[in-house]
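Below is one structure, written out as structure tokens; the observations come after it.
Laboratory data are not the source of any read-out in this text; all were calculated from the coordinates shown. Just so we're clear, the structure is a prediction, and the values are computed from it rather than from any experiment. Heads up, the Cβs are rebuilt from the backbone with ideal geometry, glycines too, and the neighbour counts pull from every protein chain shown.
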Amino acid sequence: MHIELDDELCEANGICQKHAPTIFEVTDTDELIIRHEAYSEALRAEVEMAIRMCPRQALSLKP
Ligand code: SF4
């Protein structure tokens with residue numbers, strides 16, 4: 001699985017980080033970092049929740 005981010009849509013509000021802090025981090029300079037290497041199936045539920053809760057629909061999960 002690969003997490004995709006649409007940079008144009010993301011407003012760096014940190015909501016995804018709240019739901020899946022292992023994977024998402026908003027930096028001090030309002031940039032969203034996605035730790036793809038930290039993704040595992042065990043985290044899938046929280047990543048899916050983070051994707052669902054993004055108010056900008058900037059995230060998606062691709063096979
Ligand atoms: S929840 Fe969406 S808009 Fe907010 S930081 Fe994450 S990807 Fe960006």
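From the set of residues in the stretch 21-39 that are under 14 Å from LEU61 (Cα atoms) and surrounded by 12 or more Cβ atoms within 10 Å (Cβ to Cβ), which is nearest to the ligand (Cβ to nearest atom)?
PHE24
Pull up the stretch 1-20, narrow it to residues that are assigned to a loop (DSSP other than H, G, I, E, B) and in contact with a Cys (Cβ under 9 Å, 6 or more places away or on another chain), then point me to the one that is farthest from the ligand (Cβ to nearest atom).
Out of the qualifying residues, it is LEU9.
Quick one: in the stretch 1-10, which of the residues that are exposed (fewer than 13 other Cβ atoms within 10 Å of the Cβ) and over 18 Å from PRO63 (Cβ atoms) is farthest from the chain's Cα centre (by Cα)?
Checking each candidate, the answer is GLU8.
Quick check on my filter: what residues within the stretch 40-63 are part of a helix (DSSP H, G or I) and either more than 9 Å from the ligand (Cβ to nearest atom) or not aliphatic (A, V, I, L, M) (or both)?
If the condition is that a residue be part of a helix (DSSP H, G or I) and either more than 9 Å from the ligand (Cβ to nearest atom) or not aliphatic (A, V, I, L, M) (or both), then GLU41, ALA42, LEU43, ARG44, ALA45, GLU46, VAL47, GLU48, MET49, ARG52 are the ones that fit.
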